[in-house]
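Notes for the one structure printed next.
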Amino acid sequence: MDRSQPRFLDDVTVELVKHSASDSDVLWAARVSTAGEQSLEEIHKDPERSKGLINFLMRDRHGSPFEHNSMTFFVSAPIFVFREFHRHRVGWCLAGDSEITLVSEKGHLRRRTIGELYRLWHHGVEDALPRSGGGVSWHEKAGKWHAQVRRANRLYYLGLHDTRESAEQAVAVFRAENPSRRLRKLDSVRRNHVRCYDETTLLASRARILDVMESGVKQLIRLNTASGRSLRCSVDHAVLTPDGWRKAGELAAGDKLMIEGNAPRPSEALVPPSLRRGIGVWTSMQRLRLIKETDTCYLCSGSFRREELALDHVVPVAVDLLKALDESNLSPACLPCHRKKSDSEQALAKRGGKIAVAKPDSIVSIEDGGEEMTYDLSVEGPWHNFLANGIVVHNSYNEESGRYRELQPDFYVPGAERKLVQEGRPGKYVFVEGSEGQHKITIEAMEAAYRQSYAAYQEMLEAGIAREVARAVLPVGLFSSMYATCNARSLMHFLSLRTKNEQAKVPSFPQREIEMVAEKMEAAWAALMPLTHAAFVANGRSAP
């Protein structure tokens with residue numbers, strides 16, 4: 001098929017790609033407090049008793065036993081679906097007092113709690129500066145100081161005063177008694193970047209915050225490390241370890257996790273020019289053997305022809321000279337990514353001192369972290385991680401990036417069964433079937449807009465415009481894909497809001513397209529945990 005021609009799809013794709021989830025996980029978690037190590041045996045004794053226990057936990061809102069499981073879904077859907085979907089990433093959560101490390105363009109670090117970031121991101125702050133003109137001026141004819149304030153196109157005259165101080169005090173009193181209640185969003189907060197790490201080299205990098213989410217009240221655990229760091233998070237939150245990503249609830253005392261740290265900065269003198277040239281010649285000789293005719297850039301995941309790729313040392317030569325002639329340390333990289341990475345490595349090599357890296361730290365204890373409102377960040381790729389209390393953690397939402405790869409022309413059009421007409425006023429409207437003519441004009445208008453926008457996108461790419469700029473012409477009906485990880489409790493929260501069901505105690509009115517995603521996720525979950533799903537439905541489709 002010619003991938004330059006748009007495809008029009010009327011359905012979403014949801015695939016359960018990985019899971020550790022069953023009803024026995026709920027039963028084990030509930031009974032371990034009373035049965036201890038015998039809890040696994042208790043699970044299989046009486047199926048009806050097990051069913052009754054799950055119903056009891058659901059009805060009386062004992063939520064934490066439903067969190068000891070995990071499901072990872074691959075979802076392909078229109079971009080406008082993900083704008084609603086990411087608000088429900090309630091499986092991976094951090095306590096509100098977790099300090100997030102922010103980094104400026106010049107590399108200066110500062111810290112804000114994630115709870116504060118959420119407040120500033122979504123609610124702004126009260127602007128203390130009055131939205132008014134006027135002030136104090138000298139009145140030549142009267143020989144006195146004139147005080148007045150203009151507010152909302154109305155002039156308030158505050159009299160003539162013998163001294164400037166008296167006039168200024170009158171203005172100050174008026175403004176204090178009539179404070180501005182203007183609310184503004186701090187754009188600077190929305191431009192914040194976090195400290196993140198290259199998961200291959202462990203070198204520090206910088207990533208833009210895409211969103212700050214409130215994830216609901218959750219049961220937390222506290223991880224305490226040998227260096228004195230402490231983090232409160234949900235059991236599902238992924239933490240970087242020397243062996244890769246692991247969930248916080250899977251860790252034990254003695255395990256290691258990765259924290260912020262420093263290492264000696266490599267010196268260019270460590271690699272003599274003659275040796276550097278030799279390494280370059282040897283690397284070039286491996287191109288035809290190690291790079292396919294069409295291959296993938298390991299840094300941006302884009303697909304390129306061989307002539308557009310270079311062999312890159314994943315671990316820089318200046319960092320580990322022993323890996324300079326190691327084939328396993330070579331990966332294809334597109335020319336822009338290779339140039340950017342090489343420039344950063346040379347900048348490191350030319351300066352002395354230390355560089356920021358992630359380093360291992362041992363867990364000394366794990367404690368109950370209490371139950372409270374939790375939050376999470378979504379950060380820009382390619383490394384979807386950030387520092388919370390100095391510990392490297394992951395965000396749970398990885399969407400396909402139009403910044404690093406060419407987006408494919410798959411677009412959404414509503415199927416014949418999609419209701420097209422909205423009747424009633426906001427809050428009390430319903431959707432009804434559209435006519436054949438309305439459906440026809442919808443499809444024709446969408447397809448025409450999609451063809452035009454994708455043609456413009458291709459034209460910009462062919463002219464050498466960066467992908468991150470060219471993607472701005474594409475509409476929200478473009479299909480994207482992501483991996484989303486959750487537990488049963490967080491999935492139930494999502495389903496209660498994003499499905500419309502007569503059995504629900506609290507009615508919900510989701511957009512049909514996100515409901516299509518939710519229905520397929522629910523079907524996969526119901527097959528894994530039938531007792532839990534049945535209890536969820538019997539409880540009015542309300543999460544515990």
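Rule-based calculations on the coordinates, nothing more; no lab input. Values in this document were obtained by computation on a predicted structure and should not be read as measured data. Cβ coordinates were reconstructed from backbone atoms using ideal geometry, including for glycine residues, and neighbour counts include every protein chain displayed.
Quick notes on this one:
- Solution diffusion estimate, µm²/s, Stokes-Einstein, segment 423-544, Kirkwood Rh from C-alpha pairs, 37 °C, viscosity 0.692 mPa s: 183
- Whole-Hz ³J(HN,Hα) from phi, Karplus 6.51 cos²θ - 1.76 cosθ + 1.60, for segment 457-466, glycine and proline x: 4, 5, 4, 5, 5, 5, 7, x, 6, 4
- Loop trypsin sites (Lys or Arg not before Pro), segment 222-327 (other Cβ atoms within 10 Å of the site Cβ: 14 or fewer; DSSP): Lys292
- Long-range HN-HN contacts of Cys196 with modeled amide H, under 5 Å: Ser205, Arg206, Ala207
- Rounded to whole Hz, the Karplus (6.51, -1.76, 1.60) HN-Hα couplings of segment 100-110, x for glycine and proline: 9, 7, 9, 9, 7, 4, 8, x, 6, 9, 8
- Between segment 372-390 and segment 501-539, the C-alpha centres lie 28 angstrom from each other.
- Label-point separation, Ser284 to Asp11 (7 Å along Cα→Cβ), nm: 5.3
- Between Lys106 and Glu519, full extension at 0.36 nm per residue minus the direct alpha carbon distance yields a gain of 144.0 nm.
- Set Lys51/Lys247; Lys247/Lys323; Lys18/Lys218; Lys106/Lys323; Lys106/Lys256; Lys247/Lys354 screened for pairs whose C-alpha atoms are more than 25 Å apart: Lys51/Lys247; Lys247/Lys323; Lys106/Lys323; Lys106/Lys256; Lys247/Lys354
- The slack between Ala142 and Ile465, meaning 0.36 nm per residue of separation minus the straight C-alpha distance, is 109.8 nm.
- Contour excess over end-to-end distance, with Cα ends at Asn262 and Ser435 and 0.36 nm allotted per residue: 55.8 nm
- Phi angles across segment 493-503 convert, under the Karplus curve 6.51 cos²θ - 1.76 cosθ + 1.60 with θ = phi - 60°, into 3J(HN,Hα) values of 4, 4, 5, 5, 9, 10, 9, 9, 8, 5, 7 Hz, Gly and Pro given as x.
- Low-density loop cleavage sites - chymotrypsin sites (Phe, Trp or Tyr not before Pro) in segment 447-540, where at most 15 other Cβ are within 10 Å (DSSP): none
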